[in-house]
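The values are calculated or read from the model by the stated rules, or taken from the named source; none is laboratory data. This structure is a prediction, so every number in the text was calculated from the model and none was measured. Don't worry about glycine lacking a Cβ; one is built from the backbone with ideal geometry, like all the others, and counts go over all protein chains shown. Side chains are part of the model used for accessible areas, which takes the heavy atoms of the whole protein and leaves out ligands, DNA and RNA. Shrake-Rupley method; radii C 1.70, N 1.55, O 1.52, S 1.80 Å.
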Amino acid sequence: TELKIIKADAANDELRLSGAVIGVYADSTCSELLSEATTGDDGTVNVSIARAYKTVYIKELSAPEGYRLKDTIYTVELGDNASVSVLVKNEAQTAGLKIYKQGEMLTDAEITDDGVAFIYRLKKLSGAEYRVTTLGNIYGSDGALLYQKGSVLVENAQTNASGEVFIENLPLGQ
């Protein structure tokens, strides 16, 4: 049986992904490796499976550049088919950014013979607002321009009572 594995972008099935390393296994625990192959420029790889196997399991061993590794084990029923195709989608890698805001705050004052001594303590500050912009152009895995230099990715991200804000799903880049 000829097994065709197709790697595609999760958001765009037409965008095929090269460079993924796929393991084809005889067992569901993925301990008996039958074949290891890498997707080509067209995002596909063909693997010949002996007719003795009616079911195989595929697992991604290495993700395409710029994409998250899929840890899913796919069950592929071959049956008596001459060829079977499987579409496996990957999500683009994203980043998270955690910002802490702290500063000295006046907490007390003491009257001394020399005058007033102000006492400051370092505290986490809530309510600080941030804007996240790109330092340079950011391109998608297909080479298309996603964001131009100076583009605003996040507006008005505000620190919480603990003085922090966490921003998720930022595109990789500067």
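If you add up the charges near K59, with Lys and Arg at +1 and Asp and Glu at -1, over every other residue whose beta carbon is less than 9 angstrom from its beta carbon, what do you get?
-1
At what distance in angstrom do the alpha carbon centres of segment 1-56 and segment 60-86 lie from each other?
Each part reduced to its Cα centre gives a spacing of 5 Å.
How about K124: which lysines have a C-alpha closer than 23 Å to its C-alpha, ignoring those fewer than 8 places off in the same chain?
Correct list for K124: K98, K101.
Please check the chain for the longest run free of GluC sites (Glu not before Pro) that are loop-located per DSSP (anything but H, G, I, E, B) and have at most 15 other Cβ atoms within 10 Å. Write down the numbers at each step before the final one.
On the way: sites that count: E32, E65, E91.
Here the longest segment lacking exposed loop sites spans 92-174.
Skip the ligands, DNA and RNA, and give the accessible area per residue of the chain with a 1.4 Å probe, whole Å². Before the final figure, lay out the partial values.
On the way: 10810 Å² over 174 residues.
Value returned for the chain: 62 Å² of accessible area per residue.
For segment 41-159, take every pair of Cα atoms, bin their distances at 10 Å starting from 0, and report each bin as a whole percent.
The percentages, shortest bin first, are 9, 21, 18, 16, 13, 10, 6, 3, 2, 1.
Summarise the accessible area of the chain (1.4 Å probe, protein heavy atoms) by the percent that is carbon and sulfur. Don't jump to the answer; show the numbers that get you there.
Numbers: 4810 of 10810 Å².
Here carbon and sulfur together make up 44 percent of the probe-accessible area.
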